[in-house]
Every structure is written in C-alpha cells, then in structure tokens.
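Chemist: One structure coming up, written as structure tokens, with questions to follow.
Each value in this text was obtained by applying a stated rule to the coordinates, not by laboratory testing. Note that the structure is a prediction, hence the values are computed from the model and not measured. Here Cβ is always computed from backbone atoms with ideal geometry, including for glycine, and neighbour counts include all displayed protein chains.
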Amino acid sequence: MSLLTFRGGVHPFEGKELTKDKPVTKYMPKGLMVYPVSQHIGAPANPIVAKGDRVLRGQKIAEAGGFVSAHVFSSVSGTVKAIEPHLVPTGGMVNSIVIENDGQYEEVKYQKAKLSNLSREEVLNRIKEGGVVGMGGAGFPTHVKLAPKDPSKIEYLLVNGAECEPYLTSDYRRMLDNTKELVEGLRIMLSLFDNAKGVFCVENNKPECIAALEEAVKNEPRMSVATLLTKYPQGGERNIIYAVTGREINSSMLPADVGCVVDNVDTVHAIYDAVINGKPAMTKLITVSGDGINNPQNFEVMTGTPLSELIEAAGGLKEGAEKVVAGGPMMGFPMFNFDVPATKTTSSILCLLEDPVAKAVPTACINCGRCVSVCPSHILPARLATLADRGDLEAFDKLNGVECCECGCCSYICPAKRHLTQSIKSMRRLVLASRKKK
Ligand code: SF4
Ligand code: SF4
C-alpha cells in the first residue's frame, strides 16, 4: 500500500518508545497557578477578576479581547493573588492571572447538552464559550476556524493525529484512550459542514491508533482514517492537506481556501468537552520525555501548573542534563527557567542529556543541496539564510522566504551544521512585520 505524504521532510530519531505505552498520570498541582491572558493567536483576553477574588474551577477569569481571541478559565478553586506579567514557555512575558490553589477543586456547574438539540450557532457558541483553541501548538481560536465565510465549500475536516515531532506521545495517548470522544468531537464538527467528510490522519508508526480509530468509524459513513507515511513535518497543516487531498496552499492562503479545515486531535477532544459536557479548555496532556529525565511519562495537567512541578513529578532531571525544551526537538523553545505555566498549547517538555545544537560548529556551505531537497516549503534554505545573515530583506522576500514554515528540516540535514532555520526564522519575522506596517 502506498502511504500518503508530502514532498520533502526528514526522518529524525523518533524516541516515542520512552512514553507511548505508559498510562497517563493525572497530575495534581502544588504551587501557585499562573494563567497567561494570551494562550492563543489574536488579541489577549481581558481579566474579569481582581486581586482577592475567590474563583472556582471552570470559572472564566479572562474574557476574549476581540473576534480572534479566546476566554481563559481557572483550572482550580482558590484566590486571585495578583495580575502581573509572567514568563511563558515560549520565552516572552505575558500578563497573567496568578491564583492560589485552595486544593478544594470546587467547580462551577457545567451545562451539558445533546448535539441533536443544538443549532449550528449554539454549537459554535459553546466552542467559543469553552475557550477552545488549536491545542496542537498553533492556538488559533477554534470557533473562528469552524466558521469560514462559506461552510458549504468545506469538503474535508482533517483531524491531525500525525504527531510527527519526535518524543511526543500525548496525541498517541489521546487517540488510544479517548477514541470515542474523538469520534463524537468529529461528529460535532461535521454537523457544521453539510458537504464535508471527516478524516482522522495518523502516521503509520501508530498502528494501534489507526486500528482503534478504524474500528470506531466503521459504521460512520462520513468518517474515515488516512494512514500517512511517518516523516517529519507530516503534521504541518500544509503537508497534511497535501498528503490527504493533493491540494496546495501557501502562507497567504487558509486551508478553507482549498476546502479544508485542520484540527489537532487534542482540539477535537476539547470541542467534545465544550459542546457536550459544557466544560472549558483547562486541562492538557503533556509528554515529559527525553534521555535527560529520570521517569519519562505523559501527564494530564491543569493549565496554569508550573512546568517545574512536572519535571519533578517525572523524577527530576538526570545529573548533567544539558538541555530542556518546551515542545519537540524540531520546533520547540529552549527553556532556561522552568517557572513557566502549562498553557492550552503546551504539548511537551523534552529533557536531553546532550545539546548537540549548541556544540555544533557551523562551517562553510558545501553546496550539497540537501537543505533544498528536504524543504517542505520548496524554497532555497541555503540562499535564504545567506540573505538573512546579510540583512537583505528585499531579496529575501523576493525569494519567498516567508513561505518557510520554520520546521527545522534544513538545519537538521545540513552537514555543515549551518544555523539555517534560525537565520531564516528571524528574517521572516522582520519581513512579516514590515509587510504589516505597510
Ligand atoms: S527553509 Fe523553512 S520550511 Fe524549508 S526546511 Fe528550512 S525551516 Fe523548513
Ligand atoms: S545543506 Fe548545508 S551545506 Fe548543503 S547546501 Fe544546504 S546549507 Fe549548504
């Protein structure tokens, strides 16, 4: 059988054996909980609580600050201690609501619902009221994504279960442990799009998930499972669309422009919880893994929990661990301070004994062309990195540097160890900022 895939990509060490078969541990937080008002793409949410207020688990504590924005909820009951800037896993300082957990977990009353009793508007409103965003990392508000201009033009709802980043297994666990809820989540999404079919998209290194999903959708005429070739970055939005439908988009297009909506499995689970159970997005599955942690495992974590606690709960860092990354090894953010909270988009903490990137000494390009052959965006990484290093914004833009999806394949494959992604990423952001100004 030929497996679905895209052009380009690499095959890094997978590392998933470390955690994939371990049951998910529910982690109960100990210290102060921190809720950044920006855990999504778009306008920050506005705090609607004040210092000294008592809040309940599941209570809205910050209201969406615009159309493209999302509410934020407390995942514990307790008292608001402060509203102040706090460091987040991606490295910036973000205004955050700090709550002292009283350990009671007293919850608000959730309004359950049946899909058959809900109108389209009510479904979208429940997703919006649940603060659901792209939990796979992008953080785009889901109620906006599920309300394109013309819903009748959407033909594919692609549920992204590729989980192509090495070491990560939280989506793997989600697909195995919550198969039924995912099918119900997809049913909710399909209720918004009369002409669409729903496809669970899973890489072939997860045969257990493929089997479980195939069994679960065998009597669902509008649902199917697509088996994708295991290759990084198969889970990138553009790559998954191309692999399953053969359709292509660029950075100035939306998946809806080619009749597609793509949502990560964790997002589909959050959709189910928000619409059927009335529960907001306030928990996350997080993988803590790598050869630098004593007891790699997956945790179910309440948002706001300090990541330092998860490192401790996984047995702590091994002596001499050199690197800790929020996210996967290919696209994650290096962490220098672990006092950062788990957010709606945190998927993993990767702890490595060695930091090969820091040790690699870049040498001159030998024009081998490998970076070009692996680039899923079909651009010229070596040339673009040179232009970026020279600060030639115009030439960089002309060569389509903004099409870079920052996947890291070029740096990974480069025998000269050039920091291609880093250079391209920085210049790409400058180009986008300058376009915005104009
Ligand atoms: S140029 Fe960008 S898209 Fe292409 S391989 Fe490098 S990081 Fe990935
Ligand atoms: S992979 Fe590295 S050495 Fe080869 S062409 Fe690209 S930048 Fe040059």
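Chemist: Just how large is the dipole of the chain about the Cα centre, in debye to the nearest 20, putting +1 at every Lys and Arg Cβ and -1 at every Asp and Glu Cβ?
Modeler: 920 debye
Chemist: Looking at segment 138-174, which trypsin sites (Lys or Arg not before Pro) are in a loop (DSSP not H, G, I, E or B) and have at most 11 other Cβ atoms within 10 Å?
Modeler: Here the sparse-neighbourhood loop sites are Lys149.
Chemist: How many percent of Cα pairs in the chain exceed 33 Å?
Modeler: Every Cα pair in the chain considered, those over 33 Å come to 34 percent.
Chemist: Now, a different point. For the chain, what is the calculated [θ] at 222 nm in deg cm²/dmol (nearest 500), taking -39500 (n - 2.57) for each run of four or more DSSP H residues and dividing by its residue count?
Modeler: Calculated at 222 nm, the ellipticity per residue is -7500 deg cm²/dmol.
Chemist: For segment 147-238, give the magnitude of the charge dipole about the Cα centre (Cβ charges: +1 Lys/Arg, -1 Asp/Glu; no others), in debye to the nearest 20.
Modeler: 180 debye
Chemist: Please list, short to long, the whole-number percent of alpha-carbon pairs of segment 115-276 in consecutive 10 angstrom bins beginning at zero.
Modeler: Binned Cα distances yield the sequence 11, 44, 37, 7, 0.
Chemist: How large is the convex hull of the C-alpha atoms of segment 1-134 per residue, in Å³?
Modeler: Convex hull volume per residue, Cα atoms: 231 Å³.
Chemist: Also, quick follow-up: Grab the alpha carbons of segment 370-437, take their convex hull, and tell me the volume per residue in Å³.
Modeler: Per-residue hull volume (Cα only) is 67 Å³.
Chemist: Among Thr421, Leu387, Ala433, flag the residue with its Cα farthest along the positive direction of the charge dipole of segment 370-437, charges on Cβ as +1 for Lys/Arg and -1 for Asp/Glu.
Modeler: Result: Ala433, furthest along the dipole toward the positive end.
Chemist: What's the percent breakdown of Cα-Cα distances in segment 184-266 across 10 Å bins, shortest bin first?
Modeler: P(r) for segment 184-266, in whole percents per bin: 16, 49, 31, 3.
Chemist: Taking loop as defined by DSSP and a crowding limit of 11 other beta carbons within 10 Å, which trypsin sites (Lys or Arg not before Pro) in segment 208-278 fit?
Modeler: Those satisfying the criteria are Lys218.
Chemist: Additional query: Collect residues whose amide H, placed 1.01 Å from N in the peptide plane, falls under 5 Å from the amide H of Gly15; neighbours closer than 5 in sequence don't count.
Modeler: HN-HN under 5 Å from Gly15: Tyr167.
Chemist: For Lys197, which sequence-distant residues (separation of 5 or more, or a different chain) have an amide H within less than 5 Å of its own amide H, given hydrogens modelled in the peptide plane?
Modeler: Tyr156, Leu157
Chemist: For a quick check: with amide H placed at 1.01 Å from N, whose amide H comes under 5 Å from Ala226's, ignoring anything fewer than 5 positions away on the same chain?
Modeler: Hits under the 5 Å cutoff: Phe200, Cys201, Val202.
Chemist: Can I ask one more? In whole Hz and in residue order, list the ³J(HN,Hα) couplings for segment 249-255 that follow from phi through the Karplus curve 6.51 cos²θ - 1.76 cosθ + 1.60, θ = phi - 60°; x for Gly and Pro.
Modeler: After applying 6.51 cos²θ - 1.76 cosθ + 1.60, I find 10, 10, 5, 9, 10, 9, x Hz.
Chemist: A further question on this structure: Just to check I understand the Karplus step: with θ = phi - 60° and J = 6.51 cos²θ - 1.76 cosθ + 1.60, what whole-Hz values come out for segment 281-294, glycine and proline as x?
Modeler: Rounded to whole hertz, the list is 6, 8, 10, 8, 8, 10, 8, 10, 8, x, 7, x, 10, 5.
Chemist: Mind putting a number on the dipole of segment 362-416 about its Cα centre? Charges go on the C-beta only, +1 for Lys and Arg and -1 for Asp and Glu, and I need it in Debye to the nearest 20.
Modeler: 220 debye
Chemist: Ok, one more. Quick one: order Ser75, Ser251, Ser152 by neighbouring beta-carbon count within 10 Å, fewest to most.
Modeler: Neighbour counts put them in this order, fewest first: Ser152, Ser251, Ser75.
Chemist: In square nanometres and to one decimal, what's the mean projected area of the convex hull around the Cα atoms of segment 255-373?
Modeler: 11.1 nm²
Chemist: How long, wide and thick is segment 1-73, going by the Cα atoms along their three principal axes, in whole angstroms, largest first?
Modeler: That works out to 58, 33, 20 Å along the principal axes.
Chemist: At a temperature of 37 °C and a viscosity of 0.692 mPa s, determine how fast segment 288-438 diffuses translationally according to Stokes-Einstein, using the Kirkwood radius over alpha-carbon pairs as Rh; express D in µm²/s, rounded to the nearest whole number.
Modeler: Taking Rh from Cα pairs, D becomes 192 µm²/s.
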